[in-house]
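A short write-up of the structure that comes next.
The values are calculated or read from the model by the stated rules, or taken from the named source; none is laboratory data. The structure presented is a predicted model; accordingly, all values stated were derived computationally and were not measured. Here the Cβ positions follow ideal geometry from the backbone for every residue, glycine too, while neighbour counts run over all protein chains shown.
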């Protein structure tokens, strides 16, 4: 008698290799029904932004090809869709890899409870994290709020992450006539946005599982050596750029972890290897925070920030930041990289974020929402935790008196101005000693570079020293309120 099929619900695990749910289902010998649901109904305000949807479209196209065009596309309320599909196909089980966003956890619990009452087997697996958030606790049984002890005393004292699973050798797809949408029916691609915005973005990426593994291999070959130092220099190639692949699950953190370990030990790059592994640890820490403090996406983790005197910025000021027209070249380069590629170098993210929150005294929600829409690696845990870190309101936060000086940061980490020239081409002919501060550049040099401040490139609307003084005064109100 033929076995009843198993539904494999793909979510943030859009890959064939090292996919625990898929592997477990294949090992049963039962026919497989691969399913993807675009569930904006439950996501609500956290439905994917424009850049993430473009990435998702191409990731699903690639996955469907890897699944021999057997992926079922659905759109709507996940619970209703799965219940109907179980009945339609007579499936006896639904397998999935766990997600950790609060809305997904709540939804998945309801689906599991409902289906188990109907005697449908539910199995969930960890396919996205190195360690489960509920396993990492302090000696007192509470969640960690500081990264170093979380990682060193928590994670690294646990059993090592599981080793990657092999790619499923053969998948027995169920032969059913299922009413299916097309990928285009999901409407993930923008109709029009700044001309060919999505086409330009995609030129920077191979959005596939194969592309994810190639990106890892390229990083191990050209980026892991000198990673600890080089990762801070945006013009260099020392960052892994794996974040969107990790977010959409086109590669597992386990694969990256063990590949980096193997290469680092073999080449004697242990210091750089350890630093890269700790960056994977930061990703885990963000998910730890989101799991234990699910309202971190909108609420200050430190409630003393609830009365912080944020400035009500004019729309034109916010747009200048969003469009990379602040007059500070390193800030503008970062925002334009984001618009052009859907990605921003991590050091520059800190500079750009600090400028918005501390120089402009703009609420971190504004930056969080903009990044959510523009980043291809927009990750609820990392986005919220990082913006709260920059603002000082989160766990292990940047100290209030740390206000990134965009000029010094630019001179230190983009010394020759190569990163600025790439994304702010109107400044490309400025000598390196002037490219960081065009407003201080002699008129003759500006003219020879074809620059007219206020026309071809903006004049800064503020000076950093004045902005820093305002920020410190604003942060001082919190310290005074706490003392009282």
Verdict on residue 182 being within 30 Å of residue 66 (Cα to Cα), loosely packed, with under 14 Cβ neighbours inside 10 Å, in contact (Cβ under 8 Å) with a residue 24 or more places away in the chain and touching a strand residue (DSSP E or B) at 6+ places or on another chain (Cβ under 9 Å) = yes
Residue 124 fails exactly one of (1) part of a loop (DSSP other than H, G, I, E, B); (2) under 17 Å from residue 162 (Cβ atoms), namely (1)
Regarding the stretch 74-85, can at least one residue be identified that is in contact (Cβ under 8 Å) with a residue 24 or more places away in the chain, out of contact with any strand residue (DSSP E or B) (no Cβ under 6 Å at 6 or more places or on another chain), outside any helix (DSSP H, G or I) and farther than 20 Å from residue 289 by Cβ? yes
Within the stretch 270-316, the count of residues that are at pLDDT 95 or above and out of contact with any helix residue (DSSP H, G or I) (no Cβ under 9 Å at 6 or more places or on another chain) comes to 1
Among 288, 307, 254, 217, the single one that is surrounded by fewer than 17 Cβ atoms within 10 Å (Cβ to Cβ) and under 24 Å from residue 20 (Cβ atoms) is 217
Only one of (1) buried (at least 19 other Cβ atoms within 10 Å of the Cβ); (2) under 17 Å from residue 104 (Cα atoms); (3) under 20 Å from the mean Cα position of the chain (by Cα) does not apply to residue 35, and that is (3)
When the stretch 132-143 is checked residue by residue, the ones that are over 21 Å from residue 99 (Cβ atoms) and in contact (Cβ under 8 Å) with a residue 40 or more places away in the chain are none
> Would you call residue 352 buried (at least 23 other Cβ atoms within 10 Å of the Cβ) and within 18 Å of residue 231 (Cβ to Cβ)?
Replying inline: yes
Subset of the stretch 277-315, residues more than 30 Å from residue 131 (Cα to Cα) and either within 20 Å of the chain's Cα centre (by Cα) or not in a helix (DSSP H, G or I) (or both), comes to 308, 309, 310, 311, 312, 313, 314
Among 129, 115, the single one that is crowded, with 18+ Cβ neighbours inside 10 Å and part of a helix (DSSP H, G or I) is 115
Restricting the stretch 86-107 to residues that are out of contact with any strand residue (DSSP E or B) (no Cβ under 7 Å at 6 or more places or on another chain) and part of a loop (DSSP other than H, G, I, E, B), the one nearest to residue 37 (Cα to Cα) turns out to be 99
Those residues of the stretch 175-208 which are touching a helix residue (DSSP H, G or I) at 6+ places or on another chain (Cβ under 7 Å), within 30 Å of residue 3 (Cα to Cα) and either modelled with pLDDT of 95 or more or not in a loop (DSSP other than H, G, I, E, B) (or both) amount to 183
Checked 56, 71 against criteria (buried (at least 18 other Cβ atoms within 10 Å of the Cβ) and under 17 Å from residue 178 (Cβ atoms)); the one match is 71
If you go through 236, 222, the only one that is touching a helix residue (DSSP H, G or I) at 6+ places or on another chain (Cβ under 6 Å), surrounded by fewer than 20 Cβ atoms within 10 Å (Cβ to Cβ) and not assigned by TED's automatic domain parsing to the domain that holds residue 417 is 236
Among 3, 47, the single one that is modelled with pLDDT under 95, in contact with a helix residue (DSSP H, G or I) (Cβ under 9 Å, 6 or more places away or on another chain) and not assigned by TED's automatic domain parsing to the domain that holds residue 255 is 3
